[in-house]
Amino acid sequence: MVQARLRVQKQGNGHCTNVPRNVNLEKLQSNYLFPEISKREFQHLDKYPNAKVISLGIGDTTEPIPEQITLSMANYACALSTSDGYRGYGAEQGNQALRKAIAETFYKDVLIKDTEVFVSDGSQCDISRLQLLLGSKVTIAVQDPSFPAYIDSSVIIGQAGDFQDKTGKYQNIEYMQCGAENNFFPNLATTPRTDIIFFCSPNNPTGHAATREQLQKLVEFARDNGSIIIFDTAYSAYITDDSPKSIFEIPGAKEVAIEISSFSKFAGFTGVRLGWTVVPEELLFSSGFPVINDFNRIVCTCFNGASNIAQAGGLECLSSEGFQAIRSVIDYYKENAKILVDTFSSLGLKVYGGVNAPYVWVHFPGSKSWNVFAEILEKTHIITVPGSGFGPGGAEYIRISAFGQRERIIEASRRLQKLFSQEKQPLLNSV
Amino acid sequence: MSLMSNLSTSMISSSSSAFLAPISFNSSRTQSVSVPVKSIKIIKCVATPQEQQTAYKTKVSRNANIAKLQAGYLFPEIARRRAAHLLKYPNAQVISLGIGDTTEPIPEVITSAMAKRSHALSTLEGYSGYGAEQGEKALRAALASAFYGNLGIEEDDIFVSDGAKCDISRLQVVFGSDVTMAVQDPSYPAYVDSSVIMGQTGQFQKDVEKYANIEYMRCTPENGFFPDLSSVARTDIIFFCSPNNPTGAAATREQLTQLVKFAKDNGSIIVYDSAYAMYMSDDNPRSIFEIPGAKEVAIETASFSKYAGFTGVRLGWTVVPKQLLFSDGFPVARDFNRIVCTCFNGASNISQAGGLACLSPEGLEAMQEVIGFYKENTKIIVETFNSLGFKVYGGQNAPYVWVHFPGRSSWDVFSEILEKTHIVTTPGSGFGPGGEGFIRVSAFGHRENVLEACRRFKQLYN
């Protein structure tokens, strides 16, 4: 390895600095998953410039934001041109009214205070700020499969060991298998202790919403082990049944959990950028030092608050009218998910998710997900996400996202039905 | 000051009165901090209230790097002091020349573009979801053209962000904990604090007020606020801000040429903070890339905050040239891109629409006007302190005035000014030991407030 690097240095005509590359970044195996999916989409479009590609890959919202919300943002922006309405730096933790509204809308019954809510520019950023908070010496567990940012940020910050091609896993990270066989909830009895447990429910990519009983087990497990759960509830608005929407619905969770959430899939704010993290005052490090104090320090030093315009929009989202309008959009995506679930079910495939989350998780037993992805793309011009992008536990699965305009979802369903019924599931053979 | 900004910060962290005390969120609960035994010789005994002893604790160790930080971040501390002062004197007309927060409305050409983009998000044609993490193409192109036109910096060398402060931390994440860094002394606190958080430093050494393992490059009136590079040890990374916050000093072409040579000779990377470049009056370089060879040794970070009043809107950018390589030949931009894609998800699309409008001919002109307004404020403040016989620095190329109070503790001067004139400034030692004996007066403010502040300064110091 060293030889190869020296060669690079000598071949180049340019100057190389003497700054060593961060070894943690060297450990990363490939590009972040979603830019890779984008890349494949572009390559496909190059190959088939006239193809009507349908993107059910990256979970990107497609429906316009309800008018009253964008109007509030437009008004806020215009007010910035007036002396009364101009605002400079906001509190790094977020606008107070918004923090209060988040606490009241989502955490009223579980008594989370506005001072425990930190507004951000989204969960992907919060995850990394939490990693900065925790540092390189903690151990983490993730569900397998899981949203790639937990693992990637862990590798980047130096918590992980090397990637092992054989297992498809990074050393020093505990992968908690979640599959159909265990009802998408890990067997905690055989899970070793780690400092941190990332848990996403409703889950990206499997769509499974953990039951109250499962989350009680998780909180108990964390408590017994002195671990901290980082609970990602970005999709809680998609829950149909009475699965818990917040980890704090579980008694005792305030002493063992941090919760992250987002306006992205809730309000179509994927580009606007707004989210939040809840750090309860009761959550303490082993020394008794409150985690919230250190998180606040990170937020004040490594961040400067979410955009005030986005926050104005967020506040409007949480008004009763705004909330109603958003619900309609969510219902629209949920109907999309239902159509996709029905499509795959009717083809005799094992389908999961799609009920409490905007993701459908389809099983192709014995297959390699990148091959299935490629074949679906080649034959139907539909972008999906191969399950192994989310961890080895996703190896035989494909994630289909339910964001999209209704006609495209219906068209995608048509194409998929044609592909799978005509060819009688040939993808099973593409090992 | 806006209701939403500093008051709410102060309400969150209520009782902290001593600068060096850790932030307390709940005034009714004191913190017990137990120091790990193996790292110290003296064991600190801290009284623990009964409730704390029986409160459940996780078994997760606190990040030792964060524990190294001496106090809260500087500017929230200034905000706390201001709020405490208002509690003491509820009728005082406090004037804030402390935190460098912009005060003048954003020109309409810019806000109307943001309003337009907001409205468009409610339409089918205008709705956009996730944007490119590196920023919208049109904005990247406009930045390249507006600021780096003839410097050979291309659109794809530019990464749009939600501000320089966030970029600094993302750069630290790219570099990791195994690099050494140098900062100017005094300097913007985020460089040092992010370095500590990242694990690049040793402990804080109270006797010298420096963190071990950071190279502090003293910048004083004696050396024209440019470090004597011949006495600076090699570090991997060199943070350099020009025009400088807090001293206002702008490095000359000759000085920057020296700096680039120093970096080249040492194989170091300069992180050049150009947030105040548009305040430059003199004929000094505005971008490090004006210096030949800089593309192979420097990253540049910049911000719309102080140009367009975007302190709350949140928009900035970082330039990582393709030619900048790690020691193994790996391009730094590729790792920065990976961080941007994994630890970030792009600046707000509405803010970016505003940024694009800023860079239109009308927008650029409008920004120049606002900058001109703050520069006039700066002039007034400089003249005031000059007339009072103070040694005054800065103010010519930056919206900060750096006033010397020889032999005095800057926190004492800060407190005295606050107590006697109800003016908030920033004590120089908040920026490093090299700032001791100085006060930073920021020139952001409504004209009447700046004039009134100067009247009060004259009264106090005459």
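The values are calculated or read from the model by the stated rules, or taken from the named source; none is laboratory data. Note that the structure is a prediction, hence the values are computed from the model and not measured. Cβ placement follows ideal geometry from the backbone for every residue including glycine, while neighbour counts extend to all protein chains displayed.
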Selection status of residue A:205, surrounded by 17 or more Cβ atoms within 10 Å (Cβ to Cβ) and either in a loop (DSSP other than H, G, I, E, B) or outside the structural domain of residue A:390 (by TED's automatic domain parsing) (or both): yes
Flag for residue B:311 being within 24 Å of residue A:70 (Cα to Cα), modelled with pLDDT of 95 or more and within 10 Å of chain A (Cβ to nearest Cβ): yes
Strands (runs of 3 or more DSSP E) lying entirely in segment B:366-462 (those with 2 or more residues that are of a type in the set (A, V, I, L, M), within 22 Å of the chain's Cα centre (by Cα) and outside the structural domain of residue B:284 (by TED's automatic domain parsing)): B:400-404, B:438-442
Helices (runs of 4 or more DSSP H) within segment A:271-359 that include 2 or more residues more than 12 Å from chain B (Cβ to nearest Cβ) and among the acidic types (Asp, Glu): A:320-346
Segment B:144-155: number of residues that are under 14 Å from residue B:320 (Cβ atoms) and either within 14 Å of chain A (Cβ to nearest Cβ) or small (Gly, Ala, Ser) (or both): 2
Tabulated pairs, segment A:53-78, first assigned to a loop (DSSP other than H, G, I, E, B), second buried (at least 19 other Cβ atoms within 10 Å of the Cβ) and basic (Lys, Arg), C-beta under 9 angstrom, 6+ apart or interchain: A:56/A:399; A:57/A:399; A:59/A:265; A:59/A:399; A:61/A:265
Verdict on residue B:220 being part of a loop (DSSP other than H, G, I, E, B), among the hydroxyl-bearing types (Ser, Thr, Tyr) and away from every other protein chain (no Cβ under 14 Å): yes
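Restricting to segment B:185-201, name every residue that is more than 14 Å from the chain's Cα centre (by Cα) and either within 11 Å of chain A (Cβ to nearest Cβ) or part of a helix (DSSP H, G or I) (or both).
Filtering segment B:185-201 for residues more than 14 Å from the chain's Cα centre (by Cα) gives B:196-201.
Within segment B:185-201, B:196, B:197, B:198, B:199 meet the criteria.
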Residues of segment B:254-275 classified as crowded, with 22+ Cβ neighbours inside 10 Å and outside any strand (DSSP E or B), total: 7
Residue check for residue A:337: under 24 Å from residue B:314 (Cα atoms), buried (at least 20 other Cβ atoms within 10 Å of the Cβ) and not polar (S, T, N, Q): no
Only listed residue being at pLDDT 95 or above, over 24 Å from the mean Cα position of the chain (by Cα) and outside any loop (DSSP other than H, G, I, E, B), chosen from A:115, A:82: A:115
Tally of residues being closer than 11 Å to residue B:430 by Cβ and in a helix (DSSP H, G or I) across segment B:63-79: 4
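Anything in segment A:278-318 that is free of Cβ contacts under 8 Å to residues at least 24 places away in the same chain and either of a type in the set (Gly, Ala, Ser) or outside the structural domain of residue A:94 (by TED's automatic domain parsing) (or both)? List them, or say none.
As a first pass, look at segment A:278-318 and keep what is free of Cβ contacts under 8 Å to residues at least 24 places away in the same chain: A:285, A:287-290, A:293, A:297, A:301.
Result: A:287, A:288.
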Among residues of segment A:260-270, those that are within 11 Å of another protein chain (Cβ to nearest Cβ) and in a loop (DSSP other than H, G, I, E, B), counted: 3
Count - residues of segment A:359-407 that are of a type in the set (D, E, K, R) and farther than 19 Å from residue A:347 by Cα: 4
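Please determine whether any residue of segment B:99-108 is part of a loop (DSSP other than H, G, I, E, B) and either closer than 29 Å to residue B:205 by Cα or modelled with pLDDT under 95 (or both).
Keep residues of segment B:99-108 that are part of a loop (DSSP other than H, G, I, E, B), which gives B:99-107.
When the remaining residues are screened for being either closer than 29 Å to residue B:205 by Cα or modelled with pLDDT under 95 (or both), the result is B:99-100.
Yes: segment B:99-108 contains one or more residues that are part of a loop (DSSP other than H, G, I, E, B) and either closer than 29 Å to residue B:205 by Cα or modelled with pLDDT under 95 (or both).
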Exclusive hit being touching a strand residue (DSSP E or B) at 6+ places or on another chain (Cβ under 6 Å) and more than 22 Å from residue A:184 (Cα to Cα), set A:383, A:398: A:383
Selected residue (only one of A:399, A:408 is within 29 Å of residue A:238 (Cα to Cα), modelled with pLDDT of 95 or more, assigned to a helix (DSSP H, G or I) and not hydrophobic (A, V, I, L, M, F, W, C)): A:408
Given (1) farther than 19 Å from residue A:319 by Cβ; (2) among the aliphatic types (A, V, I, L, M); (3) within 26 Å of the chain's Cα centre (by Cα); (4) in a helix (DSSP H, G or I), number of the condition residue A:101 does not satisfy: (1)
Filter pass, residue A:105 being surrounded by fewer than 20 Cβ atoms within 10 Å (Cβ to Cβ) and of a type in the set (Val, Ile, Thr): yes
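Any residue that is under 30 Å from residue A:183 (Cβ atoms), without any contact (Cβ under 8 Å) to a residue 24 or more places away in the chain and in a helix (DSSP H, G or I) - is there at least one of those in segment A:142-157?
Going residue by residue through segment A:142-157, those that are under 30 Å from residue A:183 (Cβ atoms) are A:142-155.
Checking which are without any contact (Cβ under 8 Å) to a residue 24 or more places away in the chain leaves us with A:154.
Then drop every residue that is not in a helix (DSSP H, G or I), which leaves A:154.
So far as segment A:142-157 goes, yes, one or more of its residues are under 30 Å from residue A:183 (Cβ atoms), without any contact (Cβ under 8 Å) to a residue 24 or more places away in the chain and in a helix (DSSP H, G or I).
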Number of the condition not met by residue A:228 [criteria: (1) away from chain B (no Cβ under 12 Å); (2) of a type in the set (A, V, I, L, M, F, W, C); (3) surrounded by 24 or more Cβ atoms within 10 Å (Cβ to Cβ)]: (1)
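Could you say which residue among A:142, A:110 is in the same structural domain as residue A:309 (by TED's automatic domain parsing) and closer than 22 Å to residue B:63 by Cβ? So that I can check it myself, show each step before the final result.
Numbers: A:110 fails: closer than 22 Å to residue B:63 by Cβ.
One residue alone meets the criteria, A:142.
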Selected residue [facing another protein chain (nearest Cβ under 8 Å) and closer than 17 Å to residue B:345 by Cβ] from A:82, A:115, A:61, A:70: A:61
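Among residues belonging to segment A:30-58 that are of a type in the set (D, E, K, R) and in contact with a Ser or Thr (Cβ under 9 Å, 6 or more places away or on another chain), point out the one that is farthest from the other protein chains (Cβ to nearest Cβ).
Checking each candidate, the answer is A:41.
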Condition check for residue A:76: at pLDDT 95 or above and more than 10 Å from chain B (Cβ to nearest Cβ): no
Residue among A:257, A:237 that alone is more than 29 Å from residue B:167 (Cα to Cα) and either more than 7 Å from chain B (Cβ to nearest Cβ) or of a type outside the set (Asp, Glu) (or both): A:237
